[in-house]
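These notes are about the structure you will find just below.
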Amino acid sequence: MSPGSRSLREVNVEKLSQERFDVLILGGGINGAVSAAALTARGARVALVDRADFASATSQESSNLIWGGIKYLESYEFGLVRKLCRARNALLRSYPSSVREIRFFTSHSRGFRWPLWMLLAGAWLYWLLGGAFTRRPRLLTLRDIAREEPVVAIEELDGGFEYSDAYLPDNDARFVWGFVRTALQHGCVAANYVESLGSRREGDDWVTLARDVVTGGDLSIRSGVLVNACGPYADRVNEQAGVRTEHRHVLSKGIHLVVGRITSSERALTFFADDGRLFFVLPMGSRTCIGTTDTPVDSPEVGVTAEDRRFVLENINKRLRLTRPLTEADVIAERCGVRPLVVDAAGAGGRDWMQLSRRHAIEADPVRRHVTIFGGKLTDCLNVGQELCEEARRLGVALPRAGATWFGEPDASARKRFVDEAGRMGLDSLAPRGTAERLWRRHGEGAMRLLDAIRADPGAAREAVEGSDVLRCEVEEAGRHEMVVALADFLRRRTALCQVLRRDDLRASAGLRQACRILFGEAGEARRAEYFGEAREPEEQPGGGAPQKGDVGPLHRSGSPGRSTNER
């Protein structure tokens, strides 16, 4: 970006007060991002704001899984499982680079509450409910387990089974950013670090007062329809706007620990934890992600506790043959998020806590033209976008391009042009093998700009940060086109660097210093120092999506967000 030029975010923040929108969406997690992408592609004038960065709350703390909810078979929710499996299949078809099938290698302990044959039958039912779209399940003998995954301890097992689901080879927040990018391409006015201060009805419109968190400037955003997509903060935001609903959320905290790679296979190792829940060992690039927990909480502002770490480490050490037990010293990073689970406003629906599902519900008030999205998960995101469009149309929002496609990777011919061009310019000789595939997966057609940058300067194909697969040209792309305001936005959400590299290694990285100069210019060293220094915790005020505790530190009027504490 040339000196004196305004960033995309700055331009969009100005537009928020200057224009009247068909729809304003509060919250830039997966629900808000797909809603914005679907509505703008179909012709609506849409604004999307989040009080922190896009995907900075629940949507950055998942297991990176796209799965049909096999555990819901236990509560006989066959319709939900069928719906989620179809949603998973649609993502596998639409995002062949970004969403991949993965085998779940499941161990069965002797004396478990369900016999092995019953669980295997459930896996076959799951496969059938999923339209036989993935590879078939299979029975695992102890010999199979010992041969194929020798890291699994078999002393307490009587066998296992294997089935398929899907996962994101990159991070979940990057997947969400892809939908924000699609919305921007179709004309959405999207801005991160814009906090909703409350909304009121004024005539036929909603008027939302907001604050630019970076500059402290006040905004007034006018829209015909208001959509609350604030995830675990949705109930607070509704209360603030005086909106009553038939649903509400109960909250469940889930944590993961990221450690060094445990197994060289690309399978997900699946166990039943001591409390009977599914427990995963998941591939995460050069690392392994272990979890998750399921703890009732009253507030979205939570963190990883010593008890959480002990639960995860004890469970995994019991189930793996390791040269030595994993300890806290082996933990490279942590993930901690709050799942918003939908229940009736009057209570928890009489359901046992552990049986509550990750379904979503979209509730609209046709008189006030207000919509709340409750619950949801990455797997179901396409359904959320489609249903939100239907609700918007019923509320009077014109969608002149109602049949437009709003999701999916560019067609195969576009990918072929990119791969062919990368081959002609000898990308594999400039960068590690497989770089072309990663660039396409992360940037789509925008990856062509990266090839142009490498062609102009072969040094742009070098790793940006030591020990990572992120290239220098990707840092430049993030600085120009990806609304990076805080260093945490880049390290945690546009990339997953702080999830795969230790904090001390990042602190010492000369490459990160250079990346900060690229991202923030003269303010680069100050941003870097803030990220690694002491930072004030954010205020716990509800708004258009809220930061996780510790994710964004001080936000001064000069515009300098602080550090993330998600990595160790």
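The values are calculated or read from the model by the stated rules, or taken from the named source; none is laboratory data. All figures in this text were calculated on a predicted structure; none of them were measured in a lab. Every residue, glycine among them, receives a Cβ derived from its backbone with ideal geometry; neighbour counts consider all protein chains shown.
Can you list the helices (runs of 4 or more DSSP H) found entirely within segment 431-534 that contain at least 2 residues being crowded, with 22+ Cβ neighbours inside 10 Å and in contact with a helix residue (DSSP H, G or I) (Cβ under 6 Å, 6 or more places away or on another chain)?
In segment 431-534, the matching helices (runs of 4 or more DSSP H) lie at 435-443, 447-456, 472-481, 497-500, 510-520, 524-532.
Looking only at segment 382-402, decide whether some residue is touching a residue at least 24 places away in the same chain (Cβ under 8 Å), of a type outside the set (Gly, Ala, Ser) and farther than 28 Å from Val342 by Cβ.
Yes, segment 382-402 contains at least one residue that is touching a residue at least 24 places away in the same chain (Cβ under 8 Å), of a type outside the set (Gly, Ala, Ser) and farther than 28 Å from Val342 by Cβ.
Mind listing just one residue for me: the one in segment 391-413 that is outside any loop (DSSP other than H, G, I, E, B) and at pLDDT below 95 and, of those, nearest to the chain's Cα centre (by Cα)?
Filtering segment 391-413 for residues that are outside any loop (DSSP other than H, G, I, E, B) and at pLDDT below 95, the one nearest to the chain's Cα centre (by Cα) comes out as Ala412.
Only one of Arg261, Arg236, Arg267 is assigned by TED's automatic domain parsing to the domain that holds Leu116 and farther than 30 Å from Arg113 by Cβ; which? Can you show your working first?
Values: Arg236 fails: assigned by TED's automatic domain parsing to the domain that holds Leu116; Arg267 fails: farther than 30 Å from Arg113 by Cβ.
On inspection, the qualifying residue turns out to be Arg261.
Going through Ala121, Ala146, Ala132 one at a time, which residue ends up being modelled with pLDDT of 95 or more, out of contact with any Ser or Thr (no Cβ under 8 Å at 6 or more places or on another chain) and surrounded by fewer than 13 Cβ atoms within 10 Å (Cβ to Cβ)? Steps first, please.
Values: Ala121 fails: surrounded by fewer than 13 Cβ atoms within 10 Å (Cβ to Cβ); Ala146 fails: surrounded by fewer than 13 Cβ atoms within 10 Å (Cβ to Cβ).
None of the other options fit; the residue is Ala132.
All but one of (1) over 27 Å from Tyr233 (Cα atoms); (2) in contact (Cβ under 8 Å) with a residue 60 or more places away in the chain hold for Ala52; which doesn't?
(1)
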